[in-house]
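Participant: What follows is a structure written as structure tokens; I'll ask about it next.
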């Protein structure tokens, strides 16, 4: 699937997002990794996000209003050529 965030932003996937977040799960967190993560290994500059979801159902109450953690990681330990950015001092 092509697009800036694939399933997260594609208008063709709106029904999937609505089903997922309305019927199946609560979005707890969204964490975006830098594009360098897959650029070195695969030669791709793709946007990757970790979504942390909590499944609905059972005895768990579903809050009407709750906080969602959102973050963007600026660095992941190496640059787009695979060179280390950080060194351990231990």
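Participant: Do any residues in segment 4-27 that are surrounded by fewer than 11 Cβ atoms within 10 Å (Cβ to Cβ) have Cβ atoms under 9 Å from those of residues that are at pLDDT 85 or above and part of a loop (DSSP other than H, G, I, E, B), where the two are at least six apart or on different chains, and which pairs are they?
Facilitator: Filtered contacts from segment 4-27: 23/56.
Participant: Now for a different question. Name the residue, out of 51, 44, that is modelled with pLDDT of 70 or more and surrounded by 10 or more Cβ atoms within 10 Å (Cβ to Cβ). Walk me through it before giving the result.
Facilitator: On the way: 44 fails: modelled with pLDDT of 70 or more.
Being modelled with pLDDT of 70 or more and surrounded by 10 or more Cβ atoms within 10 Å (Cβ to Cβ) holds for just one of 51, 44, which is 51.
Participant: Starting from residues that are closer than 26 Å to residue 82 by Cα and in contact with a helix residue (DSSP H, G or I) (Cβ under 9 Å, 6 or more places away or on another chain), keep the ones in segment 4-41 and report whichever is modelled with the lowest pLDDT.
Facilitator: Filtering segment 4-41 for residues that are closer than 26 Å to residue 82 by Cα and in contact with a helix residue (DSSP H, G or I) (Cβ under 9 Å, 6 or more places away or on another chain), the one modelled with the lowest pLDDT comes out as 6.
Participant: Then there's this: Pairs under 9 Å by beta carbon, first residue under 22 Å from residue 27 (Cα atoms) in segment 69-85, partner surrounded by 11 or more Cβ atoms within 10 Å (Cβ to Cβ) and modelled with pLDDT under 75, six or more apart or different chains?
Facilitator: Final answer for the pair search is 73/37.
The values are calculated or read from the model by the stated rules, or taken from the named source; none is laboratory data. A quick note: this is a predicted structure, and the numbers were derived from the prediction, not measured. All Cβ positions, glycine included, derive from the backbone under ideal geometry; neighbour counts span all protein chains shown.
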